[in-house]
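The values are calculated or read from the model by the stated rules, or taken from the named source; none is laboratory data. Since we're looking at a predicted model, the values are computed, not measured. Cβ placement follows ideal geometry from the backbone for every residue including glycine, while neighbour counts extend to all protein chains displayed. Accessible surface is based on the protein model in full, side chains and every heavy atom, while ligands, DNA and RNA are left aside. Shrake-Rupley method; radii C 1.70, N 1.55, O 1.52, S 1.80 Å.
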Amino acid sequence: MIGILGGGQLGRMLSAAAARLGFDVTILDPEPDCPAARVSARHLVAAYDDIEALRTLAGLSAVVTVEFENVPAVALERLMTLGVPVAPGPRALAIAQDRVDEKTFLNGVGAPTVPFEAASDREGAARAAAQLGGRVLIKTRRDGYDGKGQSWATSPDQAASVFAALGGRPVIVEAPAVFRRELSIIAARGWDGAFAAYPLAENEHENGVLRHSIAPAETAPGTGRQAQEIAGKVLQGLDYVGVAGIELFELEDGSLLVNEIAPRVHNSGHWTQDGAATDQFEQQIRAVVGWPLGPVHATARVRMSNLLGDEILQWPVLASDPACRLHLYGKREARAGRKMAHVNRVSPL
Ligand code: AMP
């Protein structure tokens, strides 16, 4: 039995991959009708920090993993105290949950990022903007996702207002990355330190939300190697076990900066389901249960598109297209902007 904290679409696809390899899954998620619970052996309906639920999960599971990064680190620590291995571990989660700690860690292991400053009040935000100079992007340190909780400022005064508008919470002030495009690399690391990284994906966002990923991305010869080196340093530095997504900016001169680390399977890795020798969900299960990692080479070219909200209504057309592989998440309600499904359009390499 594998325990998974979180029962969204990533948990659902992890659970299906686990089943294919002969494992059962218990989901811990407070939402009774969550997508993952309907394809899993058991579902504990409780808050992530519910002591009783964590005790039950620890008793049932040989190992526990996560499908989203904002699981309280205390929940993972609690599970470890109860004697169940947790992958990725609390330190990796804690670093990925805080944008300042994350970028400080990245620079510490030699993974380049944009210049940044931390600020925890209006004056600090203004000072940081003055120090970095010009336009800056201000993001809440914690709890931001899909472009939420961030705003541009073009002067120190405006930085102070943005700080207030973001709720007066601690922020990171970032210099702009002048990028040619956004790439990501999905990588895995096992308990024994084994490492494998997939070919790069090229990502297109709209309003901060991923719309399309194309993989394998067409890149200059050195770019893939550069990304692999970065991923290796990051996963080793975090003593990471499992699959992680690393979001990258490709600059005009071809060099790469890291934007952020997602300590879990990643939306830009969904192409692997129909275009790689082992998909990222199976890879995550393999890594956390101590199996050898699977091969990661591409077997097809894939254009992955997310279906948001009402776009799910396109399913009959997509289902009748032989080049399309549809992955629906079983969500009951198609709220605007909600990730409902994705489609992988497959073509030969
Ligand atoms: P994030 O929430 O950090 O993943 O940022 C969401 C999106 O905002 C990224 O995918 C980029 O398109 C953009 N972005 C984030 N940070 C920067 C930056 N420092 N400079 C320019 N664009 C950025």
Original post:
By its C-alpha gyration tensor, with a ≥ b ≥ c as the square roots of the eigenvalues, how is region 167-233 shaped: rounded for a/c under 1.5, else prolate for a/b larger than b/c, else oblate?
Top reply: oblate
Subject >> Rule-of-thumb Rg ratio for the chain [Cα; 2.2 N^0.38 Å; N residues] >> reply: 0.98
Original post:
Rounded to the nearest 500 deg cm²/dmol, what is the calculated helix-only ellipticity per residue at 222 nm for the chain, with -39500 (n - 2.57) per DSSP H run of length n ≥ 4?
Top reply: -9000 deg cm²/dmol
Original post:
With +1 on each Lys and Arg Cβ and -1 on each Asp and Glu Cβ, how big is the dipole of the chain about its Cα centre, in debye rounded to the nearest 20?
Top reply: 340
Subject >> Probe 1.4 Å, accessible area per residue of the chain, Å² >> reply: 41
Original post:
Using alpha-carbon pairs under 8 Å, 6+ residues apart, how would you state the relative contact order of region 303-349 in percent?
Top reply: 52
**OP:** Provide, in order from the shortest bin, the percent of all Cα-Cα pairs of region 29-150 in each 5 Å bin, continuing until the bin that contains the maximum pair distance.
**Re:** 2, 9, 15, 17, 16, 12, 9, 9, 6, 3, 1
Subject >> Rotationally averaged projected area of region 224-319 (alpha carbon convex hull; nm²) >> reply: 8.2
Original post:
Extent of region 210-278 along each principal axis, from alpha carbon coordinates, in Å, largest to smallest?
Top reply: 32, 30, 23
Original post:
Based on the Cβ-Cβ distance from R225 to E333, what FRET efficiency comes out when R0 is 41 Å, to the nearest 0.05?
Top reply: 0.40
**OP:** Please give the FRET efficiency for N70 paired with D24, using the beta carbon to beta carbon distance and R0 = 41 Å, rounded to the nearest 0.05.
**Re:** 0.95
Original post:
Say the dipole of region 271-339 comes from +1 at the beta carbon of Lys and Arg and -1 at that of Asp and Glu; which of A298, L313, G275 then lies farthest toward its positive end?
Top reply: L313
Subject >> Partners for K339 among lysines (Cα-Cα distance below 17 Å; same-chain residues under 8 apart left out) >> reply: K148, K331
Original post:
So, with a 1.4 angstrom probe, what is the percent of accessible area on region 123-278 that is carbon and sulfur?
Top reply: 47
Subject >> Where a label projected 7 Å from the Cα of V178 along Cα→Cβ would reach, residues of region 127-164 with amide N under 20 Å >> reply: 129-138, 152-156
Original post:
Å³ per residue of the Cα convex hull, for region 135-273?
Top reply: 116
